[in-house]
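Each remark here refers to the structure printed beneath this line.
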């Protein structure tokens, strides 16, 4: 029996997951004497610190993703506003063309050519390509310039 006590104490002194407050007498003494509890505490503190760093990084990533989403949403909103302004201007030009045709201030050929220009510009403006949208705006502005001289 006496030979078992040192073995038991040695086993209790190993760096195991021990808490002297929640162990039997020999294990508790072994944990305290063998630095098992301190090692376990140090390991847990290291794990805690690592998890905190991971959580902070995840929070930073989430914040960056939210910022990117807000920027993308803002871009979509601006593009929708530009498209709506283009459509409003197109509608006004169609109305003006119709009035000019009724007043016989433009020929039917000019009227049809202008409508074709507006239709082409509308197709370009509805694409999601900035270069095509810029071309559509140029066509629309050229038509406005032409109509202003009539």
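Residue 94 satisfies every condition listed in (1) modelled with pLDDT under 95; (2) part of a helix (DSSP H, G or I); (3) surrounded by 12 or more Cβ atoms within 10 Å (Cβ to Cβ) except (1). Scanning the range 124-150 for residues that are closer than 23 Å to residue 80 by Cβ and either in a loop (DSSP other than H, G, I, E, B) or out of contact with any helix residue (DSSP H, G or I) (no Cβ under 8 Å at 6 or more places or on another chain) (or both) yields 127, 128, 129, 130, 131, 134, 138, 141.
Can you go through 61, 88, 45 and tell me which one is modelled with pLDDT of 95 or more, under 30 Å from residue 134 (Cα atoms) and surrounded by 10 or more Cβ atoms within 10 Å (Cβ to Cβ)?
88
Here the range 97-117 is the region considered, the condition is being in a loop (DSSP other than H, G, I, E, B) and out of contact with any helix residue (DSSP H, G or I) (no Cβ under 8 Å at 6 or more places or on another chain), and the residue that is nearest to residue 148 (Cα to Cα) is 105. Please verify whether residue 17 is assigned to a helix (DSSP H, G or I) and either farther than 30 Å from residue 130 by Cβ or at pLDDT below 60 (or both), treating the condition exactly as stated. Criteria not met by residue 17. Of all residue pairs spaced 6 or more apart or on separate chains, those with beta-carbon atoms under 8 Å, a first member in the range 100-129 that is without any contact (Cβ under 8 Å) to a residue 60 or more places away in the chain and at negative phi and a second member that is exposed (fewer than 13 other Cβ atoms within 10 Å of the Cβ) and part of a helix (DSSP H, G or I) are 101/108; 117/142.
Among the residues that make up the range 128-137, is at least one of them out of contact with any strand residue (DSSP E or B) (no Cβ under 7 Å at 6 or more places or on another chain) and under 16 Å from residue 92 (Cα atoms)? Yes, the range 128-137 has at least one match.
The values are calculated or read from the model by the stated rules, or taken from the named source; none is laboratory data. What you see is a predicted model, and the numbers here were worked out from it, not measured in a lab. For neighbour counting, all protein chains shown are included, and Cβ atoms are generated from backbone atoms with ideal geometry for every residue, glycine included.
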